[in-house]
Amino acid sequence: MSEIAPTERAAPNVMDTTPGNQAATFRNQDQVWPVRAIRCGEAVRALPPHGRSLSGLTYRLGDLTLNVDDYVARHRTAGLLILKGGEIALERYGMGNVTESLWTGFAATTALTGTLAGAALHDGAIGSLDDPCDFYLPELLGSAYEGVTIRNLLRMCSGVAWREDYDNDARSDAWRLGRAMARRRPGAVLDLLCHLPRVHPQGAIFNHSTGDSCVLAAVVAAATGRPLADYLAERVWGPGGMEADGHWQLEWEDGLELGGFGVSARLRDMGRFGLLMLEDGEARDGRRVLPRGWRELAGRPDSEATAFGALSPGDPGGYGYHWWATPPTPGAHAGVFAVIGAFGQFVYINPGDQVVAAIQSAWRKPQDAAATAETVTLLRAAVRALRQAP
């Protein structure tokens, strides 16, 4: 059980908080929305201490030399976990969090949704990633999503219109999604998505879209015939050796999980999810829960639209299957991929150095380029330090 005081209350709107109630809101989304439990299994994956501690880690930022405490304080960090070879090199908490705290992941949930698509492919519930999504979800027939393949949903290249911003007006599709959720009406989210127009041929243009992730979630749920939280428990939470139940926000009471956000979990369990991806979907007991080679498929671009440097002007990154891909950087970031959620949520995977990091934060704005850049600097310093023998 969490040691957080039970009297703290979440704000009604996760996007509209004060500095004083933001952490309580991120910890307690089950006070605001209906959720479905993600049950952990019986066997917990141990995370022993690594031989080299990063407690004294420093990094350079301009003319400043900063340490871990500085990072935690500067960026309202609720949890910072760095694993090397499955062992804890650094673990810090702030913002009132403890090891037992659950924290909402925002768009970090998209990586879990994409992973469940891989699990469904491995299980045979999905025959091919090139199947049209309406084959599994006929409700999409007649919408702009008709004919869009599961692969292009994973790439966020559906070609369906979506404005992914947080402007509090009707021009923002994210805002309209929030309004649909607030209705607590069965089917309200899918109704919204089915009325979106097509603006590009599928596969031609990358557009980061919570809508695509929500459609993907509905497709996986239809293909497997299972609630996504139950399927996640079976294919990720149990095999990954998670230590505690999490929960997933629902469209309405007993309704569909929202594929673009809404999973709340402990910091260590998000780290264990990163380890399952690092190990290419092979659980500690030898069970394979993802197709062989899924790590490289999910973590690297595989199309012109998602290639390194093609996403937006000035951005060298690329996109895999619901993961951001980092271009190879000599000596630092070969093969790295990550998922990034609003307000500073990260799961970072570095296959070459066997490093996984999970970060939970309460930034005061959804996107912060300076904070993201400093996070990358911290992680690069950690990777370099861990290359030294303990």
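The values are calculated or read from the model by the stated rules, or taken from the named source; none is laboratory data. From a predicted model like this one, the values you see are computed outputs, not experimental measurements. Heads up, the Cβs are rebuilt from the backbone with ideal geometry, glycines too, and the neighbour counts pull from every protein chain shown.
The conditions of being within 19 Å of the chain's Cα centre (by Cα) and at pLDDT below 95 are met by Leu258.
Does region 175-183 include one or more residues that are assigned to a loop (DSSP other than H, G, I, E, B), modelled with pLDDT under 80 and within 12 Å of Glu251 (Cβ to Cβ)? Within region 175-183, one or more residues are assigned to a loop (DSSP other than H, G, I, E, B), modelled with pLDDT under 80 and within 12 Å of Glu251 (Cβ to Cβ).
Please verify whether region 324-335 includes one or more residues that are modelled with pLDDT of 95 or more and not in a strand (DSSP E or B). Taking every residue of region 324-335 in turn, none turns out to be modelled with pLDDT of 95 or more and not in a strand (DSSP E or B). Taking (1) assigned to a helix (DSSP H, G or I); (2) crowded, with 21+ Cβ neighbours inside 10 Å in turn, Cys157 satisfies each apart from (1). Within region 353-371, being among the polar types (S, T, N, Q) and at pLDDT 95 or above holds for Gln354, Gln360, Ser361. Among residues of region 7-34 that are under 23 Å from Glu257 (Cα atoms) and without any contact (Cβ under 8 Å) to a residue 24 or more places away in the chain, those with a Cβ under 6 angstrom from a residue that is part of a helix (DSSP H, G or I) and of a type in the set (S, T, N, Q), sequence gap 6+ or separate chain, pair up as Ala10/Thr25; Ala10/Gln31; Ala11/Thr25. Of the residues making up region 312-319, at least one is over 19 Å from Gly114 (Cα atoms), of a type in the set (S, T, N, Q) and in a loop (DSSP other than H, G, I, E, B).
Conditions (1) part of a loop (DSSP other than H, G, I, E, B); (2) at pLDDT 90 or above; (3) surrounded by fewer than 17 Cβ atoms within 10 Å (Cβ to Cβ), marked per residue:
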position	(1), (2), (3)
Ser2	yes, no, yes
Asn13	yes, no, yes
Gly20	yes, yes, yes
Ala23	no, yes, no
Val44	yes, yes, yes
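May I ask you to verify whether Phe273 is part of a helix (DSSP H, G or I) and surrounded by 17 or more Cβ atoms within 10 Å (Cβ to Cβ)? When the stated conditions are applied, Phe273 passes them.
Residue by residue, here is whether (1) at pLDDT 95 or above; (2) under 21 Å from Ala111 (Cα atoms) holds:
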| site | (1), (2) |
| --- | --- |
| Pro138 | yes, no |
| Tyr145 | yes, yes |
| Ala170 | no, no |
| Val199 | yes, no |
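Within region 245-262, if we keep just the residues that are assigned to a loop (DSSP other than H, G, I, E, B), touching a strand residue (DSSP E or B) at 6+ places or on another chain (Cβ under 8 Å) and hydrophobic (A, V, I, L, M, F, W, C), the residue that is surrounded by the most Cβ atoms within 10 Å (Cβ to Cβ) turns out to be Phe261.
Taking the criterion of being touching a residue at least 60 places away in the same chain (Cβ under 8 Å) and aromatic (Phe, Trp, Tyr), the residues of region 285-333 that qualify are Trp294, Tyr319, Tyr321, Trp323. Step by step: first the residues of region 56-93, then only those that are of a type in the set (Lys, Arg) and part of a strand (DSSP E or B), then the one that is nearest to Ala362 (Cα to Cα). Which residue is that? The selected residue is Arg92.
Among the residues in region 210-230, are any in contact with a Ser or Thr (Cβ under 7 Å, 6 or more places away or on another chain) and free of Cβ contacts under 8 Å to residues at least 60 places away in the same chain? Yes, some residue in region 210-230 is in contact with a Ser or Thr (Cβ under 7 Å, 6 or more places away or on another chain) and free of Cβ contacts under 8 Å to residues at least 60 places away in the same chain. So, in region 327-351, how many residues would count as being more than 19 Å from Leu83 (Cα to Cα) and crowded, with 20+ Cβ neighbours inside 10 Å? So the answer is 3. When Gly159, Gly238 are checked against the criterion of being under 15 Å from Ala119 (Cβ atoms) and at pLDDT 95 or above, Gly238 stands alone in meeting it. Scanning region 69-94 for residues that are closer than 19 Å to Asp368 by Cα and in contact (Cβ under 8 Å) with a residue 60 or more places away in the chain yields Tyr71, Arg74, His75, Arg76, Thr77, Ala78, Gly79, Leu80.
Consider region 189-240. How many of its residues are buried (at least 18 other Cβ atoms within 10 Å of the Cβ), in a helix (DSSP H, G or I) and in contact with a helix residue (DSSP H, G or I) (Cβ under 8 Å, 6 or more places away or on another chain)? Result for region 189-240: 26.
State yes or no: is Ala298 part of a loop (DSSP other than H, G, I, E, B), modelled with pLDDT of 95 or more and either in contact with a Cys (Cβ under 7 Å, 6 or more places away or on another chain) or more than 27 Å from Arg184 (Cα to Cα) (or both)? It is false that Ala298 is part of a loop (DSSP other than H, G, I, E, B), modelled with pLDDT of 95 or more and either in contact with a Cys (Cβ under 7 Å, 6 or more places away or on another chain) or more than 27 Å from Arg184 (Cα to Cα) (or both). Of all residues in region 105-127, none are over 15 Å from Gly246 (Cα atoms), free of Cβ contacts under 8 Å to residues at least 12 places away in the same chain, surrounded by fewer than 19 Cβ atoms within 10 Å (Cβ to Cβ) and hydrophobic (A, V, I, L, M, F, W, C).
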